[in-house]
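Heads up: the structure comes next, in structure tokens.
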Ligand SMILES: Nc1ncnc2c1ncn2[C@@H]1O[C@H](COP(=O)(O)OP(=O)(O)O)[C@@H](O)[C@H]1O
Ligand SMILES: [Mg+2]
């Protein structure tokens, strides 16, 4: 056996549903102990991809390898995976204990070993004492833990999770996020975690793949994605909340000047973009600053715009300031709360460094 | 905290009255027949002179024994066959989506729209002329199954549209082969629907007159005996027979109810 094999490897996987290409030429690999997030909007093919890995959907093209074995043509029950479904899908006629032991029973594991594994996993998900309850006697969070336990109990080669927290309320989701990290750290099983929530993906995972229309837009370390989004879609999906579209009027050094509905702004020049081309420029609100109009800017390189403060939303550590700039467009700036001398309705100054934003050649489809 | 006014009381009284009237309408004839089957003075059975002689007479009729045996046999075979067919049909239809779903459902339930009499005559002709099996129990079973599949299909379909087939997928991911999936997950969840269909089919075939009649010729079943007896006027044995049949059907349903209520059966629970 190869010892250096990837825990999971997909090679040029494709899946067509009638006219829809749900998964389009996807290749990636996941290593032992890794927490890999598949992030994308609804309909981008995340579930289909996960189902192909699980064997619930056949890949039209390409191959799937788990622990070095080619499982492309293997049925789900021969793949040695665990899975956590969005709606939990606990077996309603089985107790918590029976639900969790199900994978072990299917493996025909001796009863004593089953008990051992069950105890271990109940301890892990902190559900000791609930063995004899039925799923309908559990809360949402408890069901979630049971679903996780069932996925982990047989110590699969890989655990697939399809939006496991989507059905939980906000409080519980935060709590489970922490738990999820803990489970993953305690055991060495790699997680492939599907979500449409960028915050969840960035909090939980080591690496993230951003999916759109069945294709991977970008795969990489989560900080890398956050700090250097490769495409406009990734930038917008990762919560870069100010989108500026304009035409290049001049270029100098690494900077292009764009005309954004009458306002001229310097932006980093995207590759292959010349004068007259359209550019999308994404600015993360927390990289921007706001202050009274009469303040002098902190750096000579900073871009500075005059604006009218429309609203302030207090967020605890920071506040979101909504402003209307001179061309009538709205921008949002996250800055420290309680900035001296500005109130709603005031004229203010907004500033940022051009290279803190991300510029891309605008595609026709946006 | 308004005082109970007289209008409420009247409304309530009307409701209770309607309910009682409904139950009388439904059950009085059945209870009356049972009552009469135990009295000697059947022409005007009040006050009753209790007797068991109609039952004794019924038991001594050799036709009755054969008829009971045949009815149970037809009922059981029909129930097994139609439940098997209908369950597979529903599962196939729900699990594998096709645009022929609508027409297929219609095909399965169409025997419901055909009068039993016609099913009886046509299966007789077909079985006798084409298959060369006339006047056989098997022929009656096939004919009854035709109709029972339609009923079973509806009963099972009504339940299984709510079944989440992703449950089967989950089981499969956790290592269950198709047969294990069915035994461990599908069946334990859907068995009440299947049992319901089984009982409905059994009772339909057990009580059936017009379909069985044509296919059986001289072979007696309980309904054909009852019908035959009727032609010579109403005999008290008939009351006894009706009561026996009612008791049988009632105990099946009561038994089922008891089992479910007390949770004594948990089919598939704990797997084996
Ligand atoms: N069984 C199916 N038949 C036809 N189209 C499907 C099927 N499953 C998914 N699709 C389509 O494939 C695309 C991707 O769906 P899905 O994988 O569920 O996306 P996501 O999980 O990212 O929301 C969607 O356009 C969806 O409509
Ligand atoms: Mg999905």
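If you take the residues of the range A:92-104 that are within 7 Å of chain B (Cβ to nearest Cβ) and assigned to a helix (DSSP H, G or I), which of them is farthest from the chain's Cα centre (by Cα)?
A:102
Which condition breaks for residue B:126 when tested against (1) outside any helix (DSSP H, G or I); (2) surrounded by 13 or more Cβ atoms within 10 Å (Cβ to Cβ)?
If we test residue B:126 against (1) outside any helix (DSSP H, G or I); (2) surrounded by 13 or more Cβ atoms within 10 Å (Cβ to Cβ), just (1) comes out false.
Give the range A:28-45 a look and list any residue that's touching a strand residue (DSSP E or B) at 6+ places or on another chain (Cβ under 7 Å) and either without any contact (Cβ under 8 Å) to a residue 40 or more places away in the chain or in a helix (DSSP H, G or I) (or both), or say none.
A:29
Within the range B:169-179, how many residues are surrounded by fewer than 17 Cβ atoms within 10 Å (Cβ to Cβ) and assigned to a helix (DSSP H, G or I)?
2
In the range A:33-53, is there at least one residue being at the interface with chain B (Cβ under 9 Å from one of its Cβ atoms), in contact with a helix residue (DSSP H, G or I) (Cβ under 9 Å, 6 or more places away or on another chain) and either more than 16 Å from ligand 2 (Cβ to nearest atom) or on the phi < 0 side of the Ramachandran plot (or both)?
yes
Away from ligand 2 (no atom under 16 Å from the Cβ), assigned by TED's automatic domain parsing to the domain that holds residue A:216, buried (at least 21 other Cβ atoms within 10 Å of the Cβ) and over 17 Å from the mean Cα position of the chain (by Cα): does that describe residue A:154?
Yes: the conditions hold for residue A:154.
Checking residue A:18 against (1) surrounded by fewer than 19 Cβ atoms within 10 Å (Cβ to Cβ); (2) away from chain B (no Cβ under 13 Å); (3) more than 22 Å from residue B:172 (Cα to Cα), which single condition isn't satisfied?
So the condition that residue A:18 fails would be (2).
Mind counting the residues in the range B:240-259 that are farther than 16 Å from residue B:55 by Cβ and in contact with a helix residue (DSSP H, G or I) (Cβ under 8 Å, 6 or more places away or on another chain)?
The number of residues fulfilling the criteria is 4.
How many of the residues in the range A:118-141 are free of Cβ contacts under 8 Å to residues at least 60 places away in the same chain and part of a helix (DSSP H, G or I)?
Here the count works out to 11.
Which residue pairs have Cβ atoms closer than 7 Å, lie 6 or more positions apart in sequence or on different chains, and pair a first residue in the range A:150-168 that is within 11 Å of chain B (Cβ to nearest Cβ) with a second residue that is at pLDDT 90 or above and within 12 Å of ligand 2 (Cβ to nearest atom)?
A:160/A:50; A:162/A:47; A:162/A:50; A:162/A:85; A:162/A:194
For the range A:46-54, does any single residue satisfy the condition of being under 25 Å from the mean Cα position of the chain (by Cα), within 16 Å of ligand 1 (Cβ to nearest atom), buried (at least 17 other Cβ atoms within 10 Å of the Cβ) and not in a helix (DSSP H, G or I)?
Looking for residues that are under 25 Å from the mean Cα position of the chain (by Cα), within 16 Å of ligand 1 (Cβ to nearest atom), buried (at least 17 other Cβ atoms within 10 Å of the Cβ) and not in a helix (DSSP H, G or I), one finds none in the range A:46-54, hence no.
Checking residue A:86 against (1) over 26 Å from the mean Cα position of the chain (by Cα); (2) more than 9 Å from every other protein chain (Cβ to nearest Cβ); (3) not in a helix (DSSP H, G or I), only one condition comes out false. Which one?
For residue A:86, the exception is condition (1).
The values are calculated or read from the model by the stated rules, or taken from the named source; none is laboratory data. Given the structure is predicted, the values throughout are model-derived calculations rather than measurements. Virtual Cβ from ideal backbone geometry, glycine too; neighbours counted across all protein chains shown.
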